[in-house]
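Everything below concerns the one structure shown next.
What follows draws every value from the coordinates through simple rules; no lab data is involved. Since the model is a prediction, treat every value here as computed from it, not as a measurement. Positions of Cβ are generated from backbone atoms using ideal geometry, with glycine treated the same way; all protein chains shown enter the neighbour counts.
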């Protein structure tokens, strides 16, 4: 019962609220079914970006029992952002519906009719021609769930379709295996004695970064780590769900973080292969694109398991120290910046994503802001040259303003 | 010039440490070359070839290392620059592109290479030490650590207790309950040791029990945990300690005299 209640609360605060907050970023003319994962990513980042100032104010300006203030204020803000997200999304859809735009735009965008162009599939005798088509129109619920893919078993579609199914099944099995091992396997790392205990101190003692984690007892504010507030975010989740902070970090969070990392790589893969992205590639059949992404995800998953070639690789950090800020920086912040890089090279504005990731990277690790700034500026410079758009350099520098402020604060507080 | 060479040497050494067995970077290098030749899409070339090229160049440049040490971090965290390069994604995309006609066969081939040449995280080691073990509970700490905390807290539930225990247990008990304070902990191995002398007594070949209790009474220590494998100079009960219980490998005592004193001190006793 304890686990069930905790799980329900965690699903609400970790999945439902961020998703609702992310709805504010979904344009009126985009099908939510196709970019729900991007909406969730944006909502999650927005929630994290709001947690940063809330926790900072509580850490620096409230000395005693500051954690409860942080939890109360942030929970209220999280709920407020979710309400705003739902309200804005609903308002946009109603306005678009009233203007008669939504149905036409969404049906185009949903790609229901665009994949196979042979005349026969649109005719009433499609089945009689031996050309079997699956159309997600209400009755095709399974394929509604996979976003309007229209698989033709003619051409080379049969092999692509089967490959897509098999590859995604393999990826699913690999993911389930990784999640099982994450719950049942202990990876000893000394840094857990610091980070996990800081989360536990916040929930049990009510104070953030003012108690010595190794031996206990009050101490002055730990400036070096106080700006990296990811442990306090875990403490928040522990408090609202009622799950012990150590259990949450080491057993529960990998069940969220690992799929979330793969969700981000799925977004990247979607951009690369033109499926469920902001700019789908309709020149290739959907089944072929789905198979490409499936292969990409399987290969990434295998490399995550067997990429522990040294103690320094991002793969090693992902699997053995999943809940630590450094690992989240390498496996969440960096891929999100890479997603933004793909967007800006497609003329889709990724600036908000960069801004939110910059804030998040500072929460992960104090050095994160320097690294994301380096990656964004380098990527914008190269993209500006490749696309002949000098403005990209300026935009790249502007979105790194939070990084500069963070580093200044870090140096001043040290 | 020599400092430039020094920084270059440092960068190469960092790269070698990062590479480990070398498998991941060799696979990445092959993938990079393949994509350089075969990838025609401009956006993908920018993403997989040109941006990483600049990052690799920046990583190897001595002035960048100098700047990093001077202004970012003087510790050994420069290897994290390599996290910015999409090594796995490049390899995965190259494999996907190469196998585009025959994906299942391609996946089998790629998987075989990865499994045979890679290093499984489930056999991960730090140096020669295996860091992987089976979880005994959802906290991912030894069951014995939980039993020790439960025993220690029997004396004064809901309030803070300072305990001294063998070093290996100090890594875990506070991950279960932060009401248990410690005489020493991980800082002893982190380079900023606590100078209360208890660590030296506890880690000696033969533990001087009376010396430990004497030092403990100066520092509000009221709980004592001894390993059954430890050689003790005397039976702790001879000095007034009372046995609370034992686990498979440890015996737990408390000092009633010190506990009474601790309970009288409001600032320590009050939760």
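Here are the numbers for this structure:
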item	result
Within 10 Å of each Cβ in B:96-103, the average number of Cβ atoms from other chains	5
Residue exposure sequence - B:237, A:315 - by fewest surrounding Cβ within 10 Å	B:237, A:315
The protein assembly as shown - mean residue ellipticity at 222 nm from DSSP helices (-39,500 (n - 2.57) per run, n ≥ 4, rounded to 500)	-18000 deg cm²/dmol
The protein assembly as shown: antiparallel DSSP beta bridges as a percent of all, rounded to 5	65 percent
Hull volume in cubic angstrom per residue (convex hull over the Cα atoms of the protein assembly as shown)	178 Å³
Degrees separating the helix B:51-60 axis from the principal Cα axis of chain B, which is the longest one	60 degrees
Sorted peptide list for A:374-382, B:6-14, A:163-171, criterion being average Cβ within 10 angstrom, highest first	A:374-382, A:163-171, B:6-14
Order of A:241, A:391, A:361 - criterion: other Cβ atoms within 10 Å of each residue's Cβ, fewest first	A:391, A:241, A:361
Burial ordering of B:264, A:383, fewest other beta-carbon atoms within 10 Å first	B:264, A:383
Partner chain coverage, peptide B:118-131 - average Cβ within 10 angstrom	5
Separation between Cα centres of the stretch A:330-346 and the stretch A:76-92, rounded to whole Å	26 Å
Mean Cα-pair separation over length for the stretch B:59-180, i.e. relative contact order, pairs under 8 Å, 6 or more apart, %	13 percent
Cα-based shape type of the stretch A:317-414, given that a ≥ b ≥ c are square roots of the gyration tensor eigenvalues and the cut on a/c is 1.5	oblate
Separation between Cα centres of the stretch A:184-226 and the stretch A:247-283, rounded to whole Å	30 Å
Cα gyration tensor, the stretch B:157-263 - rounded (a/c under 1.5), prolate or oblate	rounded
Mean separation of Cα contacts under 8 Å (6+ apart) over length of the stretch B:126-244, as relative contact order %	24 percent
On Cα atoms only, tilt of B:87-98 relative to the major axis of chain B in degrees	40 degrees
The stretch A:9-40 versus the stretch B:134-157: alpha-carbon centroid distance in Å	40 Å
Mean Cβ neighbour count within 10 Å, used as a protection proxy, ranking B:45-51, B:83-89, A:68-74 highest first	B:83-89, B:45-51, A:68-74
For chain B: relative contact order, % (alpha-carbon pairs under 8 angstrom, 6 or more apart)	13 percent
Approximate spin-label separation residue A:93-residue A:397, in nm, with each point projected 7 Å along Cα-to-Cβ	4.3 nm
Antiparallel content of DSSP bridges confined to chain B, in %, to 5	60 percent
Acute angle (nearest 10 degrees) that the helix B:103-117 long axis makes with the longest principal axis of chain B, alpha-carbon atoms	50 degrees
Additional length obtainable on full extension of the chain from residue B:104 to residue B:60, 0.36 nm per residue less Cα span	12.1 nm
